[in-house]
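Remarks on the structure that follows.
The values are calculated or read from the model by the stated rules, or taken from the named source; none is laboratory data. The model shown is predicted, which means the values in this text are computed figures rather than measured ones. Reconstructed Cβ throughout: ideal geometry from the backbone, glycine too, with neighbour counts over all protein chains shown. Just the protein is used for accessible areas: all its heavy atoms, side chains included, with ligands, DNA and RNA removed. Shrake-Rupley method; radii C 1.70, N 1.55, O 1.52, S 1.80 Å.
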2 protein chains.
Amino acid sequence: MGLQFQLLHQAAAGGRRAELDLPHRRVATPVFMPVGTAGTVKAVTQEVIEDLGADLILGNTYHLYLRPGHEAIRRMGGLHRFMSWPRALLTDSGGFQVFSLSALRKVTGEGVSFRSHLDGSSHFFTPEHSMDVQIALGADIAMAFDECTEYPASRARAEESLRLTMAWAERSLAHSRAHCHEVPWFDQFEGRRQSLFGIVQGGMYKDLRRESAERLVAMDFDGYAIGGLSVGEPRELTAEMIAEVLPLLPPDKPRYVMGVGYPDEIELYARMGVDMMDCVLPTRAARHGLLFTSEGRLNIKGRRYAEDQGPPDPACACPVCRRYTRAYLRHLQVAGEPLGGTLNTIHNLAYYLGIMERVRSELGREAPVAE
Amino acid sequence: MGLQFQLLHQAAAGGRRAELDLPHRRVATPVFMPVGTAGTVKAVTQEVIEDLGADLILGNTYHLYLRPGHEAIRRMGGLHRFMSWPRALLTDSGGFQVFSLSALRKVTGEGVSFRSHLDGSSHFFTPEHSMDVQIALGADIAMAFDECTEYPASRARAEESLRLTMAWAERSLAHSRAHCHEVPWFDQFEGRRQSLFGIVQGGMYKDLRRESAERLVAMDFDGYAIGGLSVGEPRELTAEMIAEVLPLLPPDKPRYVMGVGYPDEIELYARMGVDMMDCVLPTRAARHGLLFTSEGRLNIKGRRYAEDQGPPDPACACPVCRRYTRAYLRHLQVAGEPLGGTLNTIHNLAYYLGIMERVRSELGREAPVAE
């Protein structure tokens, strides 16, 4: 048995409350997933991530494959044990990072060869290999190996990319179904296996997006992601693509929009019916001193905060806003103190997770869809 | 009233258990004080420092004077409030950093002019100015402005440096006594004022050390530090200088050896009768991947830890040793992840604070000095 997904409330406006039951954790959706690229949500301890109420976080297959290596992680009991994270994990397929970070890529129908951005070493990823790596890491949810279509892309290019991604989706699914019982924790959770999501691509072409969704649904994945968004296109287009795809996805399976977004975006997409989202924005921006607050974005390095003794966000009850001042956070950032990135990250994650908590609560009170 | 120092147990071997009562905290001694250079014990939150049981930490006057500036900190209620640290604080005089970090120093009897290591700006520190800065910061304990004699130093140089330091000690004390009620928290603790420690110098010349101690004791400081140690001299010499000075200091006042040391050193000096010590070693080494453990020093970057699933220190019950493995810490360090420095720092501080806790407990059971 893979994931269990129980719809609790379907609002007429599209949004929905649900419970996503994974081997390592039950997760209330819509959920925002903090990104833990290399087995760590950058600059914060696992204790803090737990205290913030995160139930499901991401690991990046490309990074962990290169360092410390998936076989080492498998030998150490999988990523949960390696990083001491007992709650749920999702790994991406490595595809996005192969295309965005590595050098000298060469794509064939079989897979993609590339050189590591760390040491230039040569590697070859196929859908089957991505599955093997993700099974070794042992996240609760793995992602099919796909090619993220760049923006802008010509129709011919988007079609070609989609053809590749659909073929890889089939191979990913077949390999996952054959080997998903090989996750390091298989004996720990009776009858549970790793789940696999397919990824809808198709660039910014609605008909290609539709075709992609329909073909993936026919393959019967455990859940469906919409990828290739937030890659430079205008926001309206992002929402348009999501709106085009959502109605084609089965209502009883989770829907995940990858790599979004700003606070207002994650709220908007959750209200449209997206169940899962992830983004490096709250954590990456934090390390550069950008705070997301109920009063808008706040660049903490600003001179006007030098003696501001108010909390980062007066409406926030996170451990940082309860204890520290803007002036102190500014000082840490200006002085390049590592604590600055840590405290900013804690606040931004609390803010993102708080948005989802509020949206879940509000969705539960919205007018339900007619039976 | 400055600090209160109550001897609880004087062991025949020299060590002593005492309670140091400061406006912001009662501190059990012997105590190791983590260093919070720029208003932060690098890479860890104040919550964690509290949880580790640290009651008294250091701030560096030179760093805080340059950034964010002592007047700004005064306006924000002092260093305790600025960094949200409700327990006790000690600030150094700035002298050591002026001599070790700044550029283009020029020392006269009046004071020292120097250029900031941050932006090259010109500054002039006198004993009076150091006191004003430390009063603005408002630590529970301030230090007299001194010149830390370098090692090695000729006798003539050590004598000249001592002459300067003794004159500056008198001026520091006079200015502190006249203005110590100007600390930002003066109204908060009825009848309490900032305490001031004199600093024994004299290079590695026993008679100069004795002269320095005797002259400072005659001035009647609230406590006495031994400075100018751990500056490159062999360890035996460090202990020799401490042993020479301790008997000359009044038993009813705290004794502080500045800037030491390795775990075995802080234990040794505590057993000799030193009440307070500070050092950047546990925190700085941590950020470079060096862990202090019951099994000795451990460079976590070592390849042999790549799949070591044991805790950093099997005998340690700190939050890091309870949760994370050597393999994980190695991965974080090798990958340059900020969490590595944070977790290493937490363990090293727990280890240092644990040594002092054990020594306090053991000292309390040692044969007492004859009445």
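Ordering A:206, B:253 by accessible surface, largest first, gives A:206, B:253; the 1.4 Å probe counts only protein heavy atoms, with every chain in place.
Ellipticity at 222 nm from helices only: DSSP H runs of n ≥ 4 in the protein assembly as shown, each -39500 (n - 2.57), divided by the residue count, give -12000 deg cm²/dmol. The label-point distance for residue B:157 and residue A:122, in a model that sets each label 7 Å from Cα toward Cβ, rounds to 5.9 nm.
Shown are B:322, B:192, B:215, A:284, whose ranking by accessible area with a 1.4 Å probe and every protein chain present, most to least, is B:322, A:284, B:215, B:192.
Among beta bridges identified by DSSP and lying wholly in chain A, the antiparallel ones come to about 50 percent. Largest to smallest in accessible area, the residues B:212, A:84 fall in the order A:84, B:212 (1.4 Å probe, all protein chains included). The shape of the protein assembly as shown comes out prolate: with a ≥ b ≥ c from the C-alpha gyration tensor, a/c is at least 1.5 and a/b beats b/c. Under the rule of at least 5 residues apart or a separate chain, name every residue whose amide H is placed under 5 Å from the amide H of residue B:200. Those lying under 5 Å, H to H, from residue B:200 are B:225, B:226, B:227.
The residues neighbouring residue A:63, those whose beta-carbon lies less than 11 Å from its own, together hold a net charge of -1 under the Lys/Arg +1, Asp/Glu -1 convention. Using a label position 7 Å from Cα in the Cα→Cβ direction, what is the ascending list of nm distances from residue B:67 to the same site in the other copies? Taking the point 7 Å beyond Cα along Cα→Cβ, the inter-copy spacings are 2.6 nm.
Of the residues A:225, A:178, A:143, the one whose Cα sits farthest towards the positive end of the charge dipole of segment A:139-286 is A:178 (charges of +1 on Lys and Arg Cβ, -1 on Asp and Glu Cβ, taken about the Cα centre).
Please give every one of the lysines within straight-line cross-link reach of residue A:42, meaning a C-alpha to C-alpha distance under 17 Å, and leave out same-chain neighbours fewer than 8 residues apart. Within reach: B:42.
Simple point charges give the picture: +1 on the Cβ of Lys and Arg, -1 on the Cβ of Asp and Glu, and for segment A:231-371 a dipole about the Cα centre of about 800 debye.
Kindly state, to the nearest 0.05, the FRET efficiency for residue B:187 paired with residue A:1, given R0 = 51 Å and r defined as their beta-carbon distance. The value I calculate is 0.20. Any idea which of A:286, A:369, A:102 is furthest toward the positive side of the dipole for the protein assembly as shown, if Lys and Arg beta-carbons carry +1 and Asp and Glu beta-carbons -1? Sorting the options by dipole projection puts first A:102.
Rounded, prolate or oblate: which one fits segment A:3-68, using the alpha carbon gyration tensor with axes a ≥ b ≥ c (rounded when a/c is under 1.5, else prolate when a/b beats b/c, else oblate)? Here segment A:3-68 falls in the prolate category. Computed from Cα atoms, the angle from the helix B:206-219 axis to the main principal axis of chain B rounds to 70 degrees. Just how far, in whole angstrom, is segment B:328-371 from segment B:155-228 if you go by their alpha carbon centroids? So the separation of the two Cα centres works out to 30 Å. Each Lys and Arg adds +1 at its Cβ and each Asp and Glu adds -1 at its Cβ; summed about the Cα centre, chain A shows a dipole of about 900 debye. Would you please classify the overall shape of segment A:72-230 from the alpha carbon gyration tensor, given that a ≥ b ≥ c denote the square roots of the eigenvalues, rounded means a/c under 1.5, and beyond that prolate means a/b larger than b/c while oblate covers the rest? It is oblate, given that a/c is not under 1.5 and a/b is not larger than b/c. Each residue was assigned an accessible area with a 1.4 Å probe, and for residue A:290 the value is about 50 Å². Whole-Hz Karplus values for segment A:83-94 come out as 9, 6, 10, x, 8, 6, 10, 10, 10, 6, 8, x Hz, taken residue by residue from phi with 6.51 cos²θ - 1.76 cosθ + 1.60 and θ = phi - 60°; glycine and proline positions read x. Rounded to 0.05, the FRET efficiency of the residue B:264 and residue A:304 pair, given R0 = 41 Å and the Cβ-Cβ distance, is 0.25. Annotation: amide H-H contacts under 5 Å for residue B:274 (H modelled 1.01 Å from N, sequence separation of 5 or more, or interchain): none. Couplings 3J(HN,Hα) for segment A:161-168, derived from phi with the Karplus relation 6.51 cos²θ - 1.76 cosθ + 1.60 (θ = phi - 60°), are 5, 5, 4, 4, 4, 5, 5, 5 Hz, where x marks Gly and Pro. For residue B:215, inter-copy separations between label points set 7 Å beyond Cα along the Cβ vector come to 8.8 nm, shortest first. Charge dipole (Cα centre; +1 on Lys/Arg Cβ, -1 on Asp/Glu Cβ; no other charges) of segment A:70-168 amounts to roughly 200 debye. When only alpha carbons are used to place a centre, segment B:250-324 and segment A:43-87 end up 27 Å from one another. Using θ = phi - 60° in the Karplus curve 6.51 cos²θ - 1.76 cosθ + 1.60, the 3J(HN,Hα) couplings for segment B:176-187 round to 5, 4, 6, 10, 5, 6, 8, 4, x, 9, 4, 6 Hz; x is entered for Gly and Pro.
To the nearest 10 degrees, how steeply does helix A:235-245 sit against the main Cα axis of chain A, on a 0 to 90 scale? Relative to chain A, helix A:235-245 is tipped by roughly 40 degrees.
Looking at the protein assembly as shown, send over the antiparallel percent of its DSSP beta bridges, to the nearest 5. If I count the DSSP bridges inside the protein assembly as shown, around 50 percent turn out antiparallel. Ligands, DNA and RNA aside, residue A:67 has an accessible area near 70 Å² when probed at 1.4 Å. In this simple spin-label model, placing a label point 7 Å from the Cα along the Cα-to-Cβ direction at both residue B:220 and residue A:206 gives a separation of 9.0 nm. Taking the Cβ of residue B:345 as the centre, find all other residues whose Cβ is under 11 Å away and add up their charges (Lys, Arg: +1; Asp, Glu: -1). Neighbourhood net charge equals +3. Rounding to the nearest 10 and keeping the result within 0 to 90°, find how far the Cα-based axis of helix A:127-137 lies from the longest principal axis of chain A. For helix A:127-137, the angle is close to 50 degrees. Result for chain A in a Gaussian network model with C-alpha springs under 10 Å: among A:121, A:294, A:176, the largest mean-square fluctuation is at A:121. Summing +1 for each Lys or Arg and -1 for each Asp or Glu among the other residues whose beta-carbon sits under 10 angstrom from that of residue A:132 gives -2. Straight Cα distances below 26 angstrom link residue A:253 to the lysines A:206, with same-chain residues fewer than 8 positions distant left out. Inter-copy label distances for residue B:236: 8.3 nm (label point placed 7 Å from Cα along Cα→Cβ; shortest first). Of the whole protein surface, residue A:107 contributes about 60 Å² of accessible area at a 1.4 Å probe radius.
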